[in-house]
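The values are calculated or read from the model by the stated rules, or taken from the named source; none is laboratory data. Since we're looking at a predicted model, the values are computed, not measured. Glycine also receives a Cβ, built like all others from the backbone with ideal geometry; neighbour counts cover every protein chain displayed. For accessibility, only protein heavy atoms count, side chains too; no ligands or nucleic acids. Shrake-Rupley method; radii C 1.70, N 1.55, O 1.52, S 1.80 Å.
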Amino acid sequence: MLRFVCLFSLFSSLFASAQPVQNKVIAGRTTGDWPYLEYGLGEDRLGGAKIGYLDSNILIRVVDSTLGNYKVQLSRNHFAYLQKTSFKRDSVVPLRPYYLTNSWIAIGDEKYDYITITLDEKLPYRSLQQINPSRIAVDIFGATSNTNWITQRSSAKEIRNVYHEQIEDDVFRVIIELKHEQHWGYSIYYKENKLVIKIKRQPADLDLEKIKVAVDAGHGGNNSGATGKTTRIAEKDYTLLIAQALQQELVDEKATVYMTREKDTSLGMNERLNMVKAEDPDFLISIHLNSSVRDSVKGVSTYYRYIGFRPLTQFILNRMLELELFEFGNIGSFNFTLNGSTDYPNCLVEVAFLSNSEDEQKILDPRFHKDVAKKIVAGIKDWLKYCKKE
Ligand SMILES: [Zn+2]
């Protein structure tokens, strides 16, 4: 582990009396595509556990360093890790001992609601979805309240209430109560020094013909994914076949469908995220085939990262179980890149295991692709019906 503390010890002893804080801290800003904060230095095949994604140009205080990450201080009591490639140094920015919030506004346009909070600086944040009641909580690190009013306009349609809580001296929590039980997504970004939380509304018409679905066939091109146990078939070819069957079923229901790939294309994860975000779908379905080192492991599973997006994954799993697949389960807090976006509900479907010969036989059968597509669509329809009742 490399430590800045050592590099800076000489420097700090020379200037300790003049600038006690800044000598130990390197100031800079987030940069690049999809910078994200991690809780710790844990690693597995999905990477370290993420706190969440950040906008670029956000003020970052580096206090220590490992091989690939900087340890950053978010507030007096909160630290996180940021990839070095997501940080650019900014020696001009003066670090202040505290930053203030200002007044806010909650407003809407034809499609979205927006909460805009004026801040002294572009500060780091994290967000959390809550259910029963459905709320979004956003913590702004390093911010102390000087909010003396919140303006609320009737053009905001999805926001029921907004308020805040100073949960620590320098952590400011924004609470947004939603009108609908279902979360439809949100994004957080800065417009100059104003933090914007853009909230999606529940679609006015929940019939599939008015809905836009993004479908992602996992892997592709130079990324083959898993391999069939007995036949050595590539995951990428069968995710595409199942995704195309799903596309056909959705088009038959008159839904609008966006496919991230329709051929054997190489696509990175961030590339897929950017493509889907630009299309602004109502929700996303990702298709993968699972694999395990133990060939007895089999069955279907669906995955979500954020609790507000769970119902879609449960309805789809329930219908998939009608295919007489073993229940591998409904898996939450899943640290998969395409589950990481808060912009729209999303569901990863791991249809069956390529490493299990019984499942593999099913995966080879074109009728099974059609059956899977029909069950996913049935699950989507069950979910939309449940959303309508709210
Ligand atoms: Zn896969």
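Please compute the length gained on full extension between residue 292 and residue 389, using 0.36 nm multiplied by the number of residues separating them and subtracting their Cα-Cα distance. Don't skip to the answer; put the middle values down first.
Values: separation 97, 0.36 × 97 = 34.92 nm, distance 3.92 nm.
Stretched out fully, the residue 292 to residue 389 stretch lengthens by 31.0 nm.
How far apart, in nm, are the 7 Å Cα→Cβ label points at residue 280 and residue 96?
3.3 nm
Nearest 500 deg cm²/dmol is fine: what mean residue ellipticity at 222 nm does the chain get from its DSSP H runs of n ≥ 4 alone, each adding -39,500 (n - 2.57), divided by its residue count? Please report the intermediate quantities before stating the final value.
Values: 6 runs with 83 residues, N = 390.
Value at 222 nm, helices only: -7000 deg cm²/dmol.
When each pair of different Cα atoms in the chain is counted once in the 1/r mean, what is the Kirkwood radius in angstroms, to one decimal? Before the final figure, lay out the partial values.
Numbers: mean 1/r = 0.0441 Å⁻¹.
Taking the inverse mean of 1/r over all distinct Cα pairs, the chain comes out at 22.7 Å.
Carbon and sulfur: what percent of the chain's accessible surface (1.4 Å probe)?
Values: 8770 of 17890 Å².
Solvent-exposed carbon and sulfur of the chain make up 49 percent of the total.
Multiply the residue gap between residue 154 and residue 169 by 0.36 nm, knock off their C-alpha separation, and tell me the result in nm, one decimal place. Walk me through the numbers on the way to the answer.
On the way: separation 15, 0.36 × 15 = 5.40 nm, distance 3.22 nm.
Result for the pair: 2.2 nm of gain on full extension.
Which whole-angstrom value gives the distance between the alpha carbon centres of the stretch 96-151 and the stretch 264-323?
Here the answer is 30 Å between Cα centres.
Of all DSSP beta bridges located in the chain, what percent are antiparallel, nearest 5?
Values: 65 of 89 bridges.
Within the chain, antiparallel bridges account for around 75 percent of the total.
For the stretch 316-390, compute the orientation-averaged projected area of the C-alpha convex hull (one quarter of its surface), in nm². Walk me through the intermediate numbers first.
Values: hull surface 24.3 nm².
That works out to 6.1 nm², a quarter of the Cα hull's surface.
Let me understand the stretch 86-231 better: what is its radius of gyration from the alpha carbons, and its Dmax, in angstrom?
19.6, 67
Give me the one-decimal nm value for the distance between modelled label points at residue 251 and residue 367, 7 Å along each residue's Cα-to-Cβ direction.
Going from the residue 251 label point to the residue 367 one covers 2.4 nm.
Name the residue, out of 141, 326, 283, whose mean-square fluctuation peaks in a Gaussian network model built on the chain with Cα pairs under 10 Å.
326
Would you please put 112-122, 31-41, 83-93 in order of how densely packed they are, using the mean number of other Cβ atoms within 10 angstrom per residue and starting with the highest? Mind dumping the intermediate values first?
On the way: 112-122: 19.9, 31-41: 16.5, 83-93: 13.5.
Ranked from most to least packed, the peptides come out as 112-122, 31-41, 83-93.
Just to confirm, what accessible area per residue do you get for the chain at 1.4 Å probe, in whole Å²?
Heavy-atom accessible area per residue stands at 46 Å².
Return the subset of 157/191; 71/236; 298/370; 157/210 for which the Cα-Cα distance in this structure is over 31 Å, preserving the input order. Don't jump to the answer; show the numbers that get you there.
On the way: 157/191 22 Å; 71/236 37 Å; 298/370 20 Å; 157/210 19 Å.
From 157/191; 71/236; 298/370; 157/210, over 31 Å: 71/236.
For 164, 183, write out the residues from largest to smallest accessible area, computed with a 1.4 angstrom probe and no ligands counted. If you can, show how the numbers build up before the last one.
Numbers: 164 60, 183 5 Å².
I get 164, 183, largest accessible area first.
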